[in-house]
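First up is the structure itself, then whatever we jot down about it.
A short reminder: the numbers here are calculations on the coordinates, not readings from a lab. Since we're looking at a predicted model, the values are computed, not measured. Don't worry about glycine lacking a Cβ; one is built from the backbone with ideal geometry, like all the others, and counts go over all protein chains shown.
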Amino acid sequence: MRTPDPLHIAWRQDAFEDGDTLAVSRQCHWWNPRTWFSWRIKATTRSPWNHVGLLKWDAHLNHWRVIEALFWGGVVSRPMFQVLGQDARFAVARIDSPPAARRTAARWAANRVGYGYNRRRILQIRLLQIALGAKKVGGLSVAGQAPQDSFICSELVIGAHRAGGYPLEGCGPFAGPASVMSSPSGSVVWDTSGVGRTRPA
């Protein structure tokens with residue numbers, strides 16, 4: 001596992017590959033309305049991760065972009081330096097699949113930019129976590145996958161890898177960032193989080 005230079009990593013094409021998963025750990029507090037949602041995710045899942053997205057190289061602007069689903073804004077594509085410029089600790093994981101499959105996943109996610117945020121799913125997840133516990137909820141599965149026009153952050157990443165032909169093991173439709181990063185389907189390739197490895201490298 002390499003240690004990145006946080007000042008230049010977003011402009012280094014050789015640092016990552018299309019379809020790599022970015023996990024973010026932000027400073028958040030229950031008493032701050034702007035960070036309460038992130039705090040709730042971390043507290044419930046007992047994980048440092050409160051957000052995930054997919055990386056895709058922007059060949060026109062020569063920097064990495066993060067395709068992500070945000071509570072305010074829905075599915076967007078933002079420059080990686082903007083995402084990491086918010087005092088975030090982060091890790092990047094790579095699924096064990098051919099590069100072509102990961103590129104397909106990144107394109108699938110990019111084609112969802114402009115879709116909404118799935119607030120109904122967030123409510124479902126919270127209710128299930130109260131009833132069953134956060135650990136069980138991440139691996140729950142349901143029959144069939146209906147077409148979607150809205151996503152939560154982990155749902156977008158999971159759906160993208162499924163579209164690439166390599167679903168994330170142990171991640172059902174109610175999985176959160178912690179489940180995505182603890183999936184045995186891949187390994188962490190960068191980590192500045194200070195929380196150690198989240199899955200085998």
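Length available on full extension from F71 to W11: 0.36 nm per residue minus the Cα-Cα distance, which gives 18.9 nm.
Fewest-first ordering of V83, V157 by other beta carbons within 10 Å of each residue's beta carbon gives V83, V157. Label sites at Q148 and A101, each approximated as a point 7 angstrom past Cα along Cα to Cβ, lie 1.9 nm apart. Amide H contacts for D18 (H built 1.01 Å from N in the peptide plane; partners 5 or more residues away or on another chain; cut-off under 5 Å): W57. With the cut-off at under 17 Å, measuring from each backbone N in segment 60-99 to a point 7 Å along the Cα-to-Cβ line of A110 picks out 60-69, 75-81, 99.
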